[in-house]
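The values are calculated or read from the model by the stated rules, or taken from the named source; none is laboratory data. Not measured: the values here are computed from a predicted model. Neighbour counts are summed over all protein chains in view; Cβ atoms, including those assigned to glycine, are modelled from backbone coordinates with ideal geometry.
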Amino acid sequence: MAASYISVPRDLTKVKNKAIFGMTKRQLICFSIAAVIGVPTFFLMRNIAQINVAVMVMMVVMMPLFFFAMYEKNGRPLEVILSHFIQQVFIRPKKRPYKTDNYYAALERQADAERKVEEIVRISMEEKN
């Protein structure tokens with residue numbers, strides 16, 4: 001009688017719930033969308049070009065959705081990685097200078113503002129007299 005072993009991962013946060021056919025809901029959704037887009041593309045291209053060209057076009061159309069379904073790095077899916085990349089390269093400024101707000105400088109600005117207010121009050125009091 002042979003013993004059978006089941007491997008149990010140490011980090012349970014990496015365990016994903018499988019829905020159907022051993023795939024997660026995310027994978028099922030992405031593969032379904034890929035099929036809905038890819039299969040009609042194949043049949044439309046088959047009438048225009050040869051079969052092997054139609055298959056290649058179908059694969060090119062479906063591959064991005066396969067990547068969205070399967071690719072994951074450091075627990076983050078592809079769209080999160082792409083959004084971080086787009087923010088870093090296109091949205092955020094290239095140079096982010098280090099700016100400090102020194103406590104002494106803040107006190108000086110406060111004292112300067114108070115002096116200006118006192119001067120405005122003094123001038124308005126002199127005009128009344």
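Some notes on this structure:
- Among the residues of the stretch 84-129, the ones that are in a loop (DSSP other than H, G, I, E, B) and hydroxyl-bearing (Ser, Thr, Tyr) come to 2 in all.
- Look at the stretch 25-39: where a residue is aromatic (Phe, Trp, Tyr) and in a helix (DSSP H, G or I) and a partner is at pLDDT below 95 and surrounded by 15 or more Cβ atoms within 10 Å (Cβ to Cβ), sitting 6+ places away or on another chain with Cβ atoms under 7 Å, you get Phe31/Ala69.
- The residues of the stretch 60-101 that are surrounded by 10 or more Cβ atoms within 10 Å (Cβ to Cβ), farther than 13 Å from Gln27 by Cα and under 13 Å from the mean Cα position of the chain (by Cα), listed by number, are Arg76, Glu79, Val80, Ile81, Leu82, Ser83, His84, Phe85, Ile86, Gln87, Gln88.
- Every residue from the stretch 55-83 that is assigned to a loop (DSSP other than H, G, I, E, B) and of a type outside the set (Ser, Thr, Tyr): Asn74, Gly75
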